[in-house]
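Everything on this sheet refers to the single structure shown next.
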Amino acid sequence: MKLKLLIVACFAAAVSVYAATPSLIHRAPTQQKMPGKMDIPSVDEKWGKCAFDHQQHLAFSDCIYCHHTNKGLTLDSFNSGKADKVPLCAECHARKEGDPKTPKNKDGEELWSKLAYHVNCIDCHKGEVTKIPKDVGMAAIKKQGAGPTKCADCHEKKD
């Protein structure tokens with residue numbers, strides 16, 4: 001009797017593992033939609049959110065320049081649903097200076113929102129990109145030096 005119970009239990013376990021395996025091996029494509037125009041939050045005391053338009057920025061850089069945690073992300077992989085979930089920049093960077101959850105660069109410098117966005121955004125707008133996110137090459141930048149550089153050009157002013 002115990003042997004039959006053991007055989008049935010092993011069979012049930014094998015079926016369970018087999019049924020779960022396809023979802024572990026073959027991830028179904030996730031259909032995401034590019035946000036288009038959106039607001040990037042700000043933790044600054046004086047300046048509020050920034051307006052951002054994904055469509056407008058496609059001519060200036062590849063997706064991977066800003067979304068550097070998504071290895072191999074391209075517009076084609078995103079549009080076809082083959083890309084991993086693309087997190088918002090704010091999920092990692094919308095923190096104040098000193099937050100222990102803030103990512104750091106190779107020099108140990110905190111990449112809190114003001115620093116991370118300003119290095120990526122303003123340096124590109126000025127045409128002075130010198131710091132590239134880890135594992136992203138200069139080829140991700142298509143064109144630079146054509147964007148606003150004054151705070152009020154992008155930010156709302158807080159009351």
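Taken together, the values in this text are just the output of simple stated rules run on the coordinates, not laboratory data. Note that this is a predicted model, so its numbers are computed, not measured. As a convention, Cβ positions derive from the backbone with ideal geometry for all residues, glycine included, and neighbour counts pool all protein chains shown.
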| Which lysines does residue 33 reach when only Cα atoms under 25 Å apart count, and residues fewer than 8 places away in its own chain are ignored? | 49, 71, 82, 85, 142, 143
| request: Mind putting a number on the dipole of the range 72-159 about its Cα centre? Charges go on the C-beta only, +1 for Lys and Arg and -1 for Asp and Glu, and I need it in Debye to the nearest 20. | output: 60
| Rounded, prolate or oblate: which fits the range 37-157 when a ≥ b ≥ c are the square roots of the eigenvalues of the alpha-carbon gyration tensor, with rounded for a/c under 1.5 and prolate only if a/b beats b/c? | rounded
| request: Give me D for the range 50-116 in µm² s⁻¹, whole number, from Stokes-Einstein with Rh from the Kirkwood sum over alpha-carbon pairs, 20 °C and 1.002 mPa s. | output: 161
| note | Place a point 7 Å from the Cα of residue 158 in the direction of its beta carbon; the residues of the range 98-117 whose amide N falls under 13 Å from it are 114
| How far apart, in nm, are the 7 Å Cα→Cβ label points at residue 59 and residue 43? | 3.4
| field | Where a label projected 7 Å from the Cα of residue 144 along Cα→Cβ would reach, residues of the range 40-61 with amide N under 18 Å | value | 57-61
